[in-house]
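Let me begin by presenting the structure, written as structure tokens, before commenting on it.
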Amino acid sequence: MKNAMESGNISAVVVGDVMLDSWLHGSAKRLAQEAPVPVMSLEITEEAPGGAANTAANLVALGARVRLVGVVGDDECGDKLIRSLRLLGVETDLITVPGRRTAHKRRLVTSGQLTARYDEEDLAVIPEAAEHDLLQRIAAAAAGADVVVACDYGGGVFTTAVRHSLAGHPLLVVDAHTVAPWRAAAPTAVLPNYAEVVRLLDDQDQAADRLAYLMPRSAELLAATGATLVVTTLDGEGTLLHRDGAPPYRTYAQPAPQHMATGAGDTYTAAFALWLAGGAAPEEAAEAGQAAAGVVVRRPGTAICTRYELLRALRRQEGTVQTAERLAKLLDEHRRRGERVVFTNGCFDVLHRGHVTYLEQAGQLGDVLVVAVNSDASVARLKGPGRPLNPCEDRMSVLAALNDVDYVITFDEDTPERLLRMIRPELYVKGGDYTAEMLAEAPLVRSLGGEVKVLDYLPDRSTTAIIGRMRALPEHL
């Protein structure tokens, strides 16, 4: 079975309403004479694929092979959108309809504040000839795809025939503003937001507490959508995953300003669909979607989440500081996903530039970096009286805060041999002015099937040197 971590082997087809997002940034220092409104001096314009095009761009960034099927107009906006998608690595299969306008959403950001948005779009149903062409392209693209994602935002692409053409695909994920028409397609998963759920259920007695309203309604939602899975998205409150025979599963979001959430739903959909295609459990897919959305809501504009960023975010959720037994199980899962484990160890008593540099280098040599830290007793035996300067808990906390470090663990022995036997890293790394042959652990690592590498040493960048300089300072300083 394929896995989302090996996402380069997963092929995805995105069908839907594409658009171009433009962000116009500038500053305002005066009011207009015509009305009491600010006059913005345009300084920079940023453009990015939006809607289904953003979902496709996120899937590519997460590592999938992606084909985007949809409709654009014969206009400059459509040309810009196609060029930007190709630069991002999306295989475009977009039909150009003469006389149709490509959807274009412009947002004015004045001194960092979103002040206005104006849209140009054609919401009319696509012509019959375009529909016929679209059906042929969908059939060709979807036939060998691992997952099909339908992004239906009411842009006129999804006629009844187009929806029916996607019925029966083994993995169909639907993100639609109006979910009800998709019931006949029996999708694998649908992802409505709260307002869309209320419309779907036509319920006038909705509760003020959205979670309390949704928790007992899994059976209703599954029946109304015809889907195996329903993910109800709740913005800053996270999501609820509904499936038959199980209580709703909740993911948690870190709240962000509303204007920072543009495109976060597209990112969620991309990661959720990719994880399902990789064989993940629905709950794992929901966590992946939430983590990916959490990456992009911290960025201005219409953003994407890369595979590296998502994996990093998921590991942060697992917790960086781990016990040996728990870490061994986590690493087994990482290896099942095809990831390479890098291991290093040290006292890290006073974290300095030398440490940071070699940990950055170590992190780039694999997918998961494990840092083992000598306990206080172990440091005292190795370094002598007065060491460590910082207790083990503090040293581990500082290391855990580094972006390149995935897991931190401690050990009491003078060498990490016990941990090496448990973890069995693909690569054992040390930083220093010695060779691999000088490392006592090297034969063990190689006997376990791993490699040994010594990274560059920065002269005068050592804890001993720093402590020496501190002790040489005059006492009155």
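Throughout, read-outs are computed from the coordinates displayed, never taken from laboratory work. It should be emphasised that the depicted structure is a prediction, and the values quoted were computed from it without experimental measurement. Please note: Cβ atoms are built from the backbone with ideal geometry, for glycine as well, and neighbour counts cover all protein chains shown.
Overview of values
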| read-out | value |
| --- | --- |
| Which of Trp275, Trp23 has the fewest Cβ neighbours within 10 Å, and the rest in rising order | Trp23, Trp275 |
| Value of relative contact order over segment 319-471, rounded to a whole percent, pairs C-alpha under 8 Å and six or more apart | 28 |
| Which of Lys329, Lys430, Lys383 has the fewest Cβ neighbours within 10 Å, and the rest in rising order | Lys329, Lys383, Lys430 |
| Local electrostatic count at Asp122 - Lys and Arg +1, Asp and Glu -1, tallied over other residues with Cβ under 14 Å | -3 |
| Within the chain, percent of DSSP bridges classed antiparallel, to nearest 5 | 35 |
| Proximal lysines relative to Lys105, as straight alpha-carbon distance under 21 Å, when same-chain residues fewer than 8 apart are discounted | Lys80 |
| Net charge contributed by nearby residues that have their C-beta within less than 15 Å of Thr251 (K/R +1, D/E -1) | -2 |
| Cβ-defined net charge surrounding Cys151, 9 Å radius [Lys, Arg +1; Asp, Glu -1] | -4 |
| More than 45 Å apart - percent of Cα-Cα pairs taken over the chain | 26 |
| Estimated dipole of segment 175-222 in Debye, rounded to 20 [Cβ of Lys and Arg +1, of Asp and Glu -1, Cα centre] | 120 |
| Listed peptides 319-326, 280-287 by packing density, highest first (mean Cβ within 10 Å) | 280-287, 319-326 |
| Inter-site label distance for Arg86 and Arg316 at 7 Å from Cα along Cβ, in nm | 3.6 |
| FRET efficiency for Ala377 and Glu76, using Cβ-Cβ distance with R0 set to 45 Å, rounded to 0.05 | 0.05 |
| Cross-link partners of Lys383 among aspartates and glutamates (Cα-Cα below 20 Å; sequence separation of 8 or more within a chain) | Asp349, Glu393, Asp394, Asp412, Glu413, Asp414, Glu417, Asp433, Glu441, Asp460 |
